[in-house]
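**Q** Sending over a structure as C-alpha cells; questions will come in a sec.
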Amino acid sequence: MKKFLLVKLFLLSLFTAVNAQNFTVGSVEPEELDMKFYKNDRNAHAVILKEYGESFFFPSLNGVIALVHEYHVKIKIFDNEGLKYGSVEIPLSNTDDIYVAEEVNDVAGITTYKDDKGSVQTEEFDPYKIRNNRQNKNHKTVKFTMPGLRPGCIVDYTYRIVSPFLQNYHTWLFQGEIPKIISTYDTRVPAFWSYKIMLRGNLKLTRNSTSIATGCFLLGSQKIDCAYALYEMTDIPAFVKEDYMSTPKNFMAGVYFEQSQYTSLFSDKRVDVNFKWEEVDKFFQLDPNLGALLKKLDFLKARLTPVIVGITDPYEQARAVYKYIQRSVKWDSIFALRSDNIRKALDNKRASDSGDINLLLVAALKAAGLNSCAVILSTRDHGAINSQLPSTTAFNYLVAQVDLGDRVYLLDATDPLLPFGILPLRCLNDNGRVLSADKPAHWTDLTAYQNQSSTYLFNLKQDDNGKLKGTLTTRFPGYAGYEKRALIKKYGDTKKYIDSLEESLPGLKISRSAINNLDSLDMPVSEDFDIEVDTKENGDVISFNPYLINHIITNPFKAESRRYPVDFVMPSDLKIILNISLSDNYTIANSPASAGVSLPDQGGRFSTTFQPADNALAVTNTLS
C-alpha cells in the first residue's frame with residue numbers, strides 16, 4: 001500500500017510539473033477584490049476570473065486504470081443574486097458495484113472578502129461539510145457550499161473526479177450562465193486510447209495546441225506516450241438563453257469527446273469503436289438490460305388476460321394495456337434507457353427509472369400480441385442527436401411504439417396524466433431510433449403526431465345597464481389537455497385553480513365554473529364559466545378590450561438579431577371566438593379592422609376578424 005501511494009504521488013507530481021496552466025488556490029490580486037463589475041458585462045452578477053481543467057488517465061498497481069478530471073475555478077461575486085455560484089453540485093455516475101463508481105476527492109477552497117472595516121479576510125472550506133446525495137443506483141450528487149459568501153467576495157475551489165468509465169472523457173463547457181475571463185482545458189490521452197474530438201458552439205478558441213508527451217503514462221515498467229492537447233478561450237460571454245429555443249447544451253461553446261478506438265491491455269488487440277448505426281442498433285438489441293429483456297414475456301401473459309379479456313379491437317387492446325401499466329407502477333422521476341428487472345418493477349408497483357416502466361410497457365404490449373418495440377431517444381435537456389455520428393452514448397431515454405396498421409403510436413407510461421399517444425415534452429427532441437425485432441432499425445419523428453390545440457368560446461350579452469355577461473367555454477384536447485390537468489393537479493384542487501385563473505384575467509369575473517373530463521385522459525378537458533366582463537363608460541359610450549384571454553404582452557422576438565433557431569416544440573393552434581349581442585339601446589360605433597399575417601413556407605399564421613352587425617359583434621382570433 002505504501003508503494004502504491006508513493007507511485008501515485010510521483011505520478012501526480014509528474015502531471016503537475018508538465019502542466020503550467022493551473023493557479024494557486026487562494027491567490028487573489030488586489031484589483032480582483034476591488035472589482036465592482038465586469039467591464040464586458042456590467043449586468044453580470046458574477047464573473048469567472050480563472051477556470052482550469054485537466055483530464056488524464058491514471059494507473060494503479062493492481063492493473064485498474066482510472067480517468068481523472070481535476071477542476072479549479074476562481075469566481076468574483078458582485079451581488080446577492082451571484083451568491084448561488086458559491087454553491088457547487090457535482091453529478092456522478094454509479095453502478096450496483098460500489099467499486100465501479102465515480103468519486104470526488106481532494107476538495108479544497110478559500111473565500112476571500114473585505115470585512116466591514118475594509119480588512120481582507122479569508123475562510124477555508126471545511127471538507128467535513130461535503131454532502132453526498134445518492135438518487136438511485138446509477139446517479140449521485142456531491143454538494144458543498146463555500147464559507148463566508150457575501151457580495152464582493154471571491155470564491156476559489158478545486159476538486160478531483162476519479163472515474164472507472166474510460167469511455168466517458170470529460171466534456172468541457174467554455175460557456176455558462178456567467179461570463180468568463182479565461183478558461184483553459186488540458187487533456188492527456190495515452191496512445192492505447194483515442195477519441196473523436198468535437199468543438200461545438202459559435203465561439204472560436206483563443207489558443208489551441210497539440211503535442212506528444214513522451215512517456216507520460218506509466219503502466220508497470222512500461223512508459224507510454226500521450227497525446228496532449230490544450231484548449232483555451234478568453235473573454236467568454238455568458239450564454240444568454242433565448243425564448244423558444246431547445247436546450248442550451250446544443251449551442252454552448254465546448255469540447256466534446258467520443259471514444260473511437262482502444263487497445264486491450266490484456267490481448268494487445270486494437271478495438272475499433274467507430275460504430276455504424278447498424279452496430280449501434282445491434283448493441284442495444286442484445287443488451288441484457290434492454291433488448292434481451294423483451295424476450296421474457298411469460299410472466300406478463302397471465303396478468304394481462306383480465307386486462308384485455310373481451311376486447312378484440314387492437315387499438316382498444318393497446319389502450320387497455322397502456323392504462324394498466326400506467327396505473328400499476330409509480331415512477332420516481334429518474335431518466336434511464338435500461339432496466340435491471342421489469343418484473344420487479346411490476347411486483348413492487350414502483351420504479352426508480354423510466355426505463356423500468358417503458359420497457360415493461362413494450363413487453364406488455366408484445367405479450368398481448370401487439371406489434372410493439374422500443375424507441376430510444378435523447379431528451380431535450382440531454383441534447384440533440386447527431387445522425388451523422390453513430391453513438392451508443394447519445395441516448396438517455398426510452399419510450400414504447402405500437403404499430404396498429406393504420407397508424408403508429410408512441411407511448412410513455414411514466415406520467416399518470418398522459419393520454420394514450422401523447423409523449424411528454426422532454427421527449428419531443430427531433431428523432432428517435434426504433435429498435436424493431438424483425439425489421440431494420442430506423443429513425444422516427446417524435447413530434448409527428450403531437451399537437452397543442454386550444455379553443456375559447458365567449459358568448460356575451462349586454463344588459464340594459466351596459467354590462468357584458470355570459471359564458472366562456474374552453475376545449476383542450478391532446479397535449480393541451482395534459483397541460484391543463486397537470487396545472488390543476490399542481491394547485492391541489494379546482495377551487496384554487498379557478499381563483500388563480502380569475503386573478504390572471506383582470507377585467508373578467510367568474511361567478512360559476514365547471515371542469516369536465518379531468519379523469520378521462522382520452523377526452524378533451526373542457527371548462528364552462530359564467531362570467532362578467534368589465535367595460536369603461538364615457539357618457540353614452542361604452543368601450544372594452546375584445547382580447548379577453550391569452551394576451552401576448554411582450555414580443556419574445558424583439559431583439560435586433562437572433563443566434564439560435566426558434567423551437568416551438570410542436571405544431572399549435574389557438575382559436576378565440578367572441579360573440580356579443582348588444583341591447584337595443586346600443587349599436588357598434590367603432591370596430592377594429594380585420595388583419596392577418598403569415599410566415600413563409602406555411603411556418604405560421606395569425607388572423608383577427610371583426611364582423612359587426614346592427615346590434616352584434618363577432619370577433620375571431622386564430623394563431624397557428
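The values are calculated or read from the model by the stated rules, or taken from the named source; none is laboratory data. Model, not experiment: these values are computed from the prediction. With ideal geometry, Cβ positions are generated from the backbone for all residues, glycine too; neighbour counts draw on all protein chains shown. Only protein heavy atoms, including side chains, enter the accessible area calculation; ligands, DNA and RNA are left aside. Shrake-Rupley method; radii C 1.70, N 1.55, O 1.52, S 1.80 Å.
**Q** Can you go through Ser500, Ser504, Ser453 and tell me which one is of a type in the set (Ser, Thr, Tyr) and in contact (Cβ under 8 Å) with a residue 12 or more places away in the chain?
**A** Step by step, each of Ser500, Ser504, Ser453 is checked, and only Ser453 is of a type in the set (Ser, Thr, Tyr) and in contact (Cβ under 8 Å) with a residue 12 or more places away in the chain.
**Q** Give region 112-122 a look and list any residue that's without any contact (Cβ under 8 Å) to a residue 60 or more places away in the chain and either basic (Lys, Arg) or under 11 Å from Val25 (Cβ atoms) (or both), or say none.
**A** Lys117
**Q** Can you name the residue in region 123-132 that is open to solvent by less than 70 Å² (accessible area, probe 1.4 Å) and among the acidic types (Asp, Glu) and is also nearest to Arg160 (Cα to Cα) among such residues?
**A** In this case the residue turns out to be Asp126.
**Q** Among the residues in region 477-491, are any open to solvent by 20 Å² or more (accessible area, probe 1.4 Å), assigned to a strand (DSSP E or B) and either among the hydroxyl-bearing types (Ser, Thr, Tyr) or at pLDDT 95 or above (or both)?
**A** Taking region 477-491 first, the residues open to solvent by 20 Å² or more (accessible area, probe 1.4 Å) are 477-478, 482-484, 486-487, 489-491.
Adding the requirement that they be assigned to a strand (DSSP E or B) leaves none.
No; the residues of region 477-491 include none that is open to solvent by 20 Å² or more (accessible area, probe 1.4 Å), assigned to a strand (DSSP E or B) and either among the hydroxyl-bearing types (Ser, Thr, Tyr) or at pLDDT 95 or above (or both).
**Q** Count, please, the residues in region 281-296 that happen to be assigned to a loop (DSSP other than H, G, I, E, B) and open to solvent by 30 Å² or more (accessible area, probe 1.4 Å).
**A** Within region 281-296, residues that are assigned to a loop (DSSP other than H, G, I, E, B) and open to solvent by 30 Å² or more (accessible area, probe 1.4 Å) number 4.
**Q** Looking at region 138-165, which of its residues are within 29 Å of the chain's Cα centre (by Cα) and free of Cβ contacts under 8 Å to residues at least 60 places away in the same chain?
**A** Restricting attention to region 138-165, the residues satisfying the condition of being within 29 Å of the chain's Cα centre (by Cα) are 138-146, 155-165.
Result: Lys140, Thr141, Val142, Lys143, Phe144, Thr145.
**Q** Every residue in region 395-453 that is in a loop (DSSP other than H, G, I, E, B), closer than 30 Å to Thr622 by Cβ and among the hydrophobic types (A, V, I, L, M, F, W, C), please.
**A** Selection gives Leu417, Leu418, Phe420, Ile422, Leu423, Leu428, Leu446, Ala448.
**Q** Another question, if that's okay. List the strands (runs of 3 or more DSSP E) that sit entirely inside region 511-622 and contain at least 1 residues that are modelled with pLDDT under 90 and among the small types (Gly, Ala, Ser).
**A** 541-543
**Q** Quick check: anything in region 124-135 part of a loop (DSSP other than H, G, I, E, B), closer than 24 Å to Met35 by Cα, more than 24 Å from the chain's Cα centre (by Cα) and at pLDDT 95 or above?
**A** Yes, region 124-135 has at least one match.
**Q** Being within 33 Å of the chain's Cα centre (by Cα), among the hydrophobic types (A, V, I, L, M, F, W, C) and open to solvent by 20 Å² or more (accessible area, probe 1.4 Å) is the filter here, so list the residues in region 192-237 that pass it.
**A** Matches in region 192-237: Trp193, Ile197, Met198, Leu199, Leu203, Leu205.
**Q** Filter the helices (runs of 4 or more DSSP H) completely within region 314-375 down to those with at least 1 residues that are of a type in the set (Phe, Trp, Tyr) and farther than 23 Å from Pro288 by Cα.
**A** Answer list for region 314-375: 314-328.
**Q** What residue, of Gln317, Gln326, Gln285, is in contact (Cβ under 8 Å) with a residue 60 or more places away in the chain, over 15 Å from Asp356 (Cα atoms) and among the polar types (S, T, N, Q)? Full working, then the answer.
**A** Details: Gln317 fails: in contact (Cβ under 8 Å) with a residue 60 or more places away in the chain; Gln326 fails: over 15 Å from Asp356 (Cα atoms).
Exactly one residue qualifies, and that residue is Gln285.
**Q** Here's something else I'd like to know. Starting from region 87-98, take each residue that is touching a residue at least 12 places away in the same chain (Cβ under 8 Å) and closer than 15 Å to Glu70 by Cα and list its partners that are open to solvent by 70 Å² or more (accessible area, probe 1.4 Å) and not basic (Lys, Arg), counting only C-beta distances under 8 angstrom and pairs at least six apart or across chains.
**A** Pro91/His139; Leu92/Glu103; Leu92/His139
**Q** Which of the residues belonging to region 107-122 are over 14 Å from Gly152 (Cβ atoms) and either surrounded by 16 or more Cβ atoms within 10 Å (Cβ to Cβ) or at pLDDT below 95 (or both)?
**A** Val107, Gly109, Ile110
**Q** Consider Gln388 carefully, then state whether it is at pLDDT 90 or above and either polar (S, T, N, Q) or open to solvent by less than 10 Å² (accessible area, probe 1.4 Å) (or both).
**A** no
Listed here are the residues, each with its yes/no results for (1) over 24 Å from the mean Cα position of the chain (by Cα); (2) open to solvent by less than 50 Å² (accessible area, probe 1.4 Å); (3) in contact (Cβ under 8 Å) with a residue 12 or more places away in the chain.
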| residue | (1), (2), (3) |
| --- | --- |
| Ala336 | no, yes, yes |
| Arg350 | no, no, yes |
| Gly355 | no, yes, yes |
| Ala364 | yes, yes, yes |
| Ser372 | yes, yes, yes |
| Asn396 | no, yes, yes |
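**Q** I've got another one for you. Given the criteria touching a residue at least 12 places away in the same chain (Cβ under 8 Å) and farther than 24 Å from Ile48 by Cα, does Gln135 qualify?
**A** Numbers: touching a residue at least 12 places away in the same chain (Cβ under 8 Å): yes; farther than 24 Å from Ile48 by Cα: yes.
When the stated conditions are applied, Gln135 passes them.
**Q** Still on this structure, please answer the following. Which residue pairs have Cβ atoms under 7 Å apart, sit 6 or more places apart or on different chains, and have a first residue in region 576-591 that is over 17 Å from Thr620 (Cα atoms) and a second that is open to solvent by 100 Å² or more (accessible area, probe 1.4 Å)?
**A** Ser583/Asp464; Asn585/Asp464; Thr587/Asp614
**Q** Would you mind finding the one in Ala101, Ala108 that is farther than 26 Å from Asp340 by Cβ, in contact (Cβ under 8 Å) with a residue 40 or more places away in the chain and of a type in the set (Gly, Ala, Ser)? Steps first, please.
**A** Working: Ala101 fails: farther than 26 Å from Asp340 by Cβ.
Among Ala101, Ala108, only Ala108 is farther than 26 Å from Asp340 by Cβ, in contact (Cβ under 8 Å) with a residue 40 or more places away in the chain and of a type in the set (Gly, Ala, Ser).
**Q** Select from region 527-584 the residues that are of a type in the set (Ser, Thr, Tyr) and farther than 25 Å from Ile422 by Cβ and list them in ascending order.
**A** Step one: list which residues in region 527-584 are of a type in the set (Ser, Thr, Tyr), which gives 535, 543, 547, 554, 561, 564, 572, 581, 583.
Answer for region 527-584, where residues must be of a type in the set (Ser, Thr, Tyr) and farther than 25 Å from Ile422 by Cβ: Thr535, Ser543, Tyr547, Thr554, Ser561, Tyr564, Ser581, Ser583.
**Q** In region 32-73, how many are among the acidic types (Asp, Glu) and buried (at least 20 other Cβ atoms within 10 Å of the Cβ)?
**A** The number of residues fulfilling the criteria is 3.
**Q** Out of region 420-449, which residues are out of contact with any helix residue (DSSP H, G or I) (no Cβ under 9 Å at 6 or more places or on another chain), open to solvent by less than 10 Å² (accessible area, probe 1.4 Å) and not β-branched (Val, Ile, Thr)?
**A** Within region 420-449, Gly432 is the sole residue that qualifies.
**Q** To continue, here is another question. Does region 76-86 contain any residue that is in a strand (DSSP E or B), without any contact (Cβ under 8 Å) to a residue 60 or more places away in the chain, closer than 20 Å to Lys143 by Cβ and open to solvent by 40 Å² or more (accessible area, probe 1.4 Å)? Before you say what the answer is, go through the steps one by one.
**A** Keep residues of region 76-86 that are in a strand (DSSP E or B), which gives 76-77.
Within this subset, residues satisfying the condition of being without any contact (Cβ under 8 Å) to a residue 60 or more places away in the chain are none.
No: region 76-86 contains no residue that is in a strand (DSSP E or B), without any contact (Cβ under 8 Å) to a residue 60 or more places away in the chain, closer than 20 Å to Lys143 by Cβ and open to solvent by 40 Å² or more (accessible area, probe 1.4 Å).
**Q** Could you check how many residues of region 214-227 are without any contact (Cβ under 8 Å) to a residue 60 or more places away in the chain and in a strand (DSSP E or B)?
**A** Residues meeting the conditions: 7.
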